[in-house]
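A.B. asks: Before I ask anything, here is the structure I am working with.
The values are calculated or read from the model by the stated rules, or taken from the named source; none is laboratory data. Source: prediction; values computed, not measured. Cβ atoms come from the backbone with ideal geometry, glycine included; neighbour counts cover every protein chain shown. Accessible surface areas use protein heavy atoms only, side chains included; no ligands, DNA or RNA. Shrake-Rupley method; radii C 1.70, N 1.55, O 1.52, S 1.80 Å.
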Amino acid sequence: MKPDSVLDNLNEEQREAVAWGHTPLLIIAGAGSGKTRILTHRIAHLISQGIPSFNILGVTFTNKAAQEMKARVQKLVSHDVWVSTFHSTCLRILRMDGAAIGLDPRFSIYDEHDQLTLVKECVKTLNLNEKQAHPKGVREQIQRAKDFLMTPFQYLEKSQDMYEGNVGKVYQLYEEKMAKLKACDFGDLIMKTVFLFDRNPTILEGWQDRFQHILIDEYQDTNHAQYRLVKLLASKRRQITVVGDPDQSIYAWRGADINNILNFEVDYPECGMIKMERNYRSTSVILDAANALIRRNQLRKAKDLWTEKKGGEPIRIFEACDEKEEARYVVDQIQRHVQNGRTLADQVIFYRIHAQSRIYEDVLRRFNIPYKIVGGVRFYDRREIKDLIAYLKIIQNPHDDVSLKRILNVPTRGIGKKAYEILESYAQSAKCSFDEVLRDSRGIQELTPKIKNSIADFYRFIETLRRRKNELAVSEILTKILEFTGYVEELEAERTIESKSRIENIEEFFGVIKDFEEEQADEMKGALLEKFLESISLMTDLDTWDNGTNVLTLMTFHTAKGLEFPIVYMVGLEEGIFPNVKSYTDDPHDLEEERRLCYVGITRCKELLYFMYARERRLHGARQYNLPSRFLNEVPREAIHFDARQMYETLDDDKSDMIEDFDDVIDYESGSNFGKSRHIPFK
């Protein structure tokens, strides 16, 4: 390849970035501007200019992205280059030089399951119970501590309450055990590499000589440990290129620090900065909306995306009376686009929290529309929902051995694998159901008295609900199940992001039941549980959509980064949902991150964008009356079109009095962020 051919077919800004000299470079690459193309071409250009590929390091965040970059460079200049994730890079360094800080070169790598097992062992050794230090919560705290390069001693020093103090003690014991086991977890890979470089200048210099040119992708997503690692490696030659977009920094909750990219010019005063503002993805209408929205943020590098795709369809806004009408409207639009030649794969539904997917799954199943959920599990396939359905099933049907076996020890009540095997064996020899075995379990000699008592308490509770199922509503039965099992309390004790999401799903399940009870208001309570389980079984039957890739995609906004679709539906744009209620803090940066998340959603769209919100919705088991999202007010009026209610053919007769003028909902002229007084603020 000719030395300058790498620069062919690049626009002016891309060519400038690719051909940049040997000083630090910050590339602010807007959404859809071709940042992967810039990185791979810059690596290829360096090689074409005589820089040995051996002296180049490329770092990105996923193995898939790393493999794609390596393949592109190989195609451009026929050279292999070290391109990998932060963790893979550090693993190779520690395998080679970790002995300098006492690491065995053959150390094991512990995944999250291994970590949890060890944390549980530490909690037990310290005679702590799960309220004092829940294993999953402790594991997450240890992971976050390592993201900030915080040792157990430092964590203990900064602990502010008894729980954090207990976490610190577990962390300390965990590290001692990890050393004896000759193991590292994922957080260790970066943390120990930083410590290695800090304590061994000669080793650091060797790697600095190896990596003379460093290129980092998605720099806005780096955490403190990753930042320190890069700073150490680049400090000698300062030949570093970082690519990123502060406006797409959406992972603060898992340790990402937007200041790493915002302060790049402070760290490297001699650096150049190139803005990639030309977008190859979206229409100008969509970009005008995205630009207007994100300008409201203070923590950013000013830029305006532009495109040669002038004009385009306006953004369509629809106000639904509730979440059901919102979902039905979206499905109507999906079907209309399919009839007009679009595929399901051209379309995507974005939502802020996983629990919102439930109503869409219900409607999509009803209309036989194949779909997939990316970055999540279908609502009725989530563990906590399956657990609760299993409880309801065994109350209705004593012969449902599958459901009974699922929840006999959920939450944990001391009935382990050995006890299960004894019960199973007894059922087979006596040729009776598992339920009957539990009823007579006190007569099984092989079981310990403690296990017999646990089974007896469990069975007595189930039998009580079986006797009362005809006098209780389904929601009342579920409430008693949660009270008896302590299921929610156990999740609360974990103090993890995952456990909070699972609690939200349980609350949403209450919403499913409340909806069902309202629809069946004229039915006697005695028939409700059976009818509800029948309706659930229709939604939980295994649906295997074998339509190739032509399926509708559903995902959270957080999962959407890096993807693009011709048609995008952004649903649930209401205060308290998006922006999320958790962003209502004294720190304005929390709200700015929500706005960046909205910006990411908008810039995934290529052609046609929908905004949806509901006057009221049942979510987390309660009826909410939220204001329209303030983000709707931050989009230019000329970029939007309000879908009139009369066009919605599936509207029920009793909703015909809904407003037709959306100016009554969102006061654009006054600049107000909120709707008119008919809405009740989120509390």
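Yes/no per residue for (1) surrounded by fewer than 21 Cβ atoms within 10 Å (Cβ to Cβ); (2) at pLDDT below 90:
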residue	(1), (2)
THR549	yes, yes
THR556	yes, no
GLU564	yes, no
PHE578	no, no
ARG596	no, no
VAL600	no, no
CYS605	no, no
LEU609	no, no
ALA622	yes, yes
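A.B. asks: Within segment 298-311, restricting attention to residues that are of a type outside the set (S, T, N, Q) and open to solvent by less than 50 Å² (accessible area, probe 1.4 Å), which residue is farthest from ASP587 (Cα to Cα)?
C.D. replies: Within segment 298-311, the subset of a type outside the set (S, T, N, Q) is 299-306, 308-311.
Now drop any that are not open to solvent by less than 50 Å² (accessible area, probe 1.4 Å), which leaves 299-301, 303, 305, 311.
On the way: LEU299: 12, ARG300: 16, LYS301: 20, LYS303: 24, LEU305: 28, GLY311: 37 Å.
Filtering segment 298-311 for residues that are of a type outside the set (S, T, N, Q) and open to solvent by less than 50 Å² (accessible area, probe 1.4 Å), the one farthest from ASP587 (Cα to Cα) comes out as GLY311.
A.B. asks: Additional query: Among GLN172, GLN220, which is buried (at least 21 other Cβ atoms within 10 Å of the Cβ), in a helix (DSSP H, G or I) and not β-branched (Val, Ile, Thr)? Before the answer, list the steps.
C.D. replies: Numbers: GLN172 fails: buried (at least 21 other Cβ atoms within 10 Å of the Cβ).
On inspection, the qualifying residue turns out to be GLN220.
A.B. asks: Within segment 88-119, restricting attention to residues that are surrounded by fewer than 18 Cβ atoms within 10 Å (Cβ to Cβ) and within 28 Å of GLU494 (Cβ to Cβ), which residue is farthest from the chain's Cα centre (by Cα)? I'd like the intermediate steps shown before the answer.
C.D. replies: Start the filter on segment 88-119 by keeping residues that are surrounded by fewer than 18 Cβ atoms within 10 Å (Cβ to Cβ), which leaves 88, 92, 95-96, 99-102, 104-106, 108-109, 111-114, 116-117.
Still in the list and also within 28 Å of GLU494 (Cβ to Cβ): 108-109, 111-114, 116-117.
On the way: SER108: 28, ILE109: 24, ASP111: 19, GLU112: 17, HIS113: 19, ASP114: 22, LEU116: 20, THR117: 24 Å.
The qualifying residue farthest from the chain's Cα centre (by Cα) is SER108.
Each row is one residue, and each column tells you yes or no for (1) within 29 Å of ALA527 (Cβ to Cβ); (2) surrounded by 15 or more Cβ atoms within 10 Å (Cβ to Cβ); (3) without any contact (Cβ under 8 Å) to a residue 24 or more places away in the chain.
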site	(1), (2), (3)
LYS417	no, no, yes
TYR420	no, no, yes
SER425	no, no, yes
GLU446	no, no, no
ILE455	no, yes, no
ASN470	yes, no, no
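A.B. asks: On the given criteria, is THR202 without any contact (Cβ under 8 Å) to a residue 24 or more places away in the chain and closer than 15 Å to ASP97 by Cα?
C.D. replies: Details: without any contact (Cβ under 8 Å) to a residue 24 or more places away in the chain: yes; closer than 15 Å to ASP97 by Cα: yes.
It is true that THR202 is without any contact (Cβ under 8 Å) to a residue 24 or more places away in the chain and closer than 15 Å to ASP97 by Cα.
A.B. asks: Condition (residue is farther than 30 Å from ARG342 by Cα and surrounded by 17 or more Cβ atoms within 10 Å (Cβ to Cβ)) applied to segment 363-376: is it met by at least one residue? If you could, list the steps in order and put the result at the bottom.
C.D. replies: Within segment 363-376, the subset farther than 30 Å from ARG342 by Cα is none.
Within segment 363-376, not a single residue is farther than 30 Å from ARG342 by Cα and surrounded by 17 or more Cβ atoms within 10 Å (Cβ to Cβ).
A.B. asks: Continuing with the same structure: Does segment 9-35 hold any residues that are open to solvent by less than 10 Å² (accessible area, probe 1.4 Å) and assigned to a helix (DSSP H, G or I), and which are they? Before you say what the answer is, go through the steps one by one.
C.D. replies: The first filter runs over segment 9-35 and keeps only residues open to solvent by less than 10 Å² (accessible area, probe 1.4 Å), leaving 14, 17-18, 24-31, 33.
Across segment 9-35, the qualifying residues are GLN14, ALA17, VAL18.
A.B. asks: Among the listed residues VAL243, VAL230, VAL266, identify the single one that is assigned to a helix (DSSP H, G or I), surrounded by 19 or more Cβ atoms within 10 Å (Cβ to Cβ) and modelled with pLDDT of 95 or more.
C.D. replies: VAL230
A.B. asks: Among MET178, MET150, which is assigned to a loop (DSSP other than H, G, I, E, B) and under 22 Å from ASP111 (Cβ atoms)? Working first, answer last.
C.D. replies: Values: MET178 fails: assigned to a loop (DSSP other than H, G, I, E, B).
MET150 is the lone residue from the list that is assigned to a loop (DSSP other than H, G, I, E, B) and under 22 Å from ASP111 (Cβ atoms).
A.B. asks: Going by what's in this entry, would HIS79 be described as at negative phi and over 33 Å from the mean Cα position of the chain (by Cα)?
C.D. replies: Numbers: at negative phi: yes; over 33 Å from the mean Cα position of the chain (by Cα): yes.
Spelling it out, HIS79 is indeed at negative phi and over 33 Å from the mean Cα position of the chain (by Cα).
A.B. asks: Right, next: Can you run down the residue pairs with Cβ atoms below 6 Å, 6 or more apart or on separate chains, where the first is in segment 217-238 and within 22 Å of ARG199 (Cβ to Cβ) and the partner is open to solvent by 60 Å² or more (accessible area, probe 1.4 Å)?
C.D. replies: If the second residue must be open to solvent by 60 Å² or more (accessible area, probe 1.4 Å), the pairs left are HIS224/PHE148.
A.B. asks: Pick out the one residue from ARG295, ARG316 that is at pLDDT 95 or above, open to solvent by 20 Å² or more (accessible area, probe 1.4 Å) and in contact with a His (Cβ under 8 Å, 6 or more places away or on another chain). Talk me through it step by step, then tell me what you get.
C.D. replies: Numbers: ARG295 fails: in contact with a His (Cβ under 8 Å, 6 or more places away or on another chain).
Testing whether each residue is at pLDDT 95 or above, open to solvent by 20 Å² or more (accessible area, probe 1.4 Å) and in contact with a His (Cβ under 8 Å, 6 or more places away or on another chain) leaves just ARG316.
A.B. asks: Another question about this same structure. Take VAL194 and decide whether it is under 22 Å from GLU492 (Cβ atoms) and surrounded by 18 or more Cβ atoms within 10 Å (Cβ to Cβ). Give the derivation first.
C.D. replies: On the way: under 22 Å from GLU492 (Cβ atoms): no; surrounded by 18 or more Cβ atoms within 10 Å (Cβ to Cβ): yes.
When the stated conditions are applied, VAL194 does not pass them.
A.B. asks: Pull up segment 320-347, narrow it to residues that are free of Cβ contacts under 8 Å to residues at least 24 places away in the same chain and not small (Gly, Ala, Ser), then point me to the one that is surrounded by the most Cβ atoms within 10 Å (Cβ to Cβ). Outline the logic, then answer.
C.D. replies: If we filter segment 320-347 for residues that are free of Cβ contacts under 8 Å to residues at least 24 places away in the same chain, which is where we start, we get 336, 338-341.
This time we only want the ones that are not small (Gly, Ala, Ser), so: 336, 338-340.
Numbers: ARG336: 10, VAL338: 16, GLN339: 8, ASN340: 7.
Going through the qualifying residues, I end up with VAL338.
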